[in-house]
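As structure tokens, the structure follows; a few thoughts come after it.
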């Protein structure tokens, strides 16, 4: 079990990320070698390379028109610049562990990839539609939910439409918030339109609406982000102002735009009433994650009149939370807590 070794790594993400991966990836890879995780099927929801998703079905489940499956869509993290539905350094154990854990609880699990930010101007993807730029994270979720709402989609008939929970981790939680609070983004529909014409999205259909959402370790604002994150944060949130070689606006102006487009800024202006919960790890860093997440909860209550339930994840740090599922014991206690929360909604 890796949890007892996490506290010594400290709360700062830049300090504990690498060592945490080194702790968990071999454990997950061993589980893959043992055949402990389900093998998903891979499918596509849009025209870009990253528009792919994995599906995990409960073992032995038989979904019918009268017996549809509760569904979890898990949106992985990665700082907006990395991450995958199956991380090769773990032999796919991350995030096959996520899909397997919740499938064994009776859920159909969908784990998508989404567009990443390529901050280096020399990258061949820097100036293309494949380079993530606000609100692309939310748009990709909308495209996925639109796709699975099509009768032509292979899993459409298996989904219980009133039991769909979006679960976002870290940057993935930011993208879930962008999707939920899209009514606060005037450019959202226009930015999505060029991708909706793809046949896999069955143009003319609305997306399947989630009944609840859980935001895990969400950096709900970026006021105290470390300086090394500036290029990614400005490049993603205000690409119309930021240029790595010659910025088109001053830092103060760009920070104002980021503040408007971060989860807290969007929540303040949105009329969405989707039921939301939050989760924080014991070793989440206060300035970047824990403090902003608690502030989000306060804003959520001010807007909706109801406070989201905040669930404490004992022992984990920011990186280890999704890696612990499938390893047993206290490593996966948060997964059981999440299932209980979903079932109460």
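A few comments on the model shown:
- Residue among 95, 76 that alone is within 23 Å of residue 182 (Cα to Cα) and under 14 Å from the mean Cα position of the chain (by Cα): 76
- Note on the stretch 288-345: residues that are more than 30 Å from residue 37 (Cβ to Cβ) and under 20 Å from the mean Cα position of the chain (by Cα) total 10.
- Residues of the stretch 278-293 include at least one that is under 20 Å from residue 179 (Cα atoms) and touching a helix residue (DSSP H, G or I) at 6+ places or on another chain (Cβ under 6 Å).
- Among residues of the stretch 186-215 that are closer than 18 Å to residue 114 by Cα, those with a Cβ under 8 angstrom from a residue that is modelled with pLDDT under 85, sequence gap 6+ or separate chain, pair up as 194/129; 195/129; 195/201; 196/203; 197/203.
- Looking at the stretch 221-339, the helices (runs of 4 or more DSSP H) lying wholly inside it that each contain 2 or more residues that are surrounded by 14 or more Cβ atoms within 10 Å (Cβ to Cβ) and in contact with a strand residue (DSSP E or B) (Cβ under 7 Å, 6 or more places away or on another chain) sit at 291-304.
- Test: residue 74 is closer than 22 Å to residue 161 by Cβ, in a helix (DSSP H, G or I) and in contact with a helix residue (DSSP H, G or I) (Cβ under 9 Å, 6 or more places away or on another chain): no
The values are calculated or read from the model by the stated rules, or taken from the named source; none is laboratory data. Since we're looking at a predicted model, the values are computed, not measured. Because the Cβ atoms are built from the backbone with ideal geometry, glycine has one as well, and the counts that use them run over all protein chains shown.
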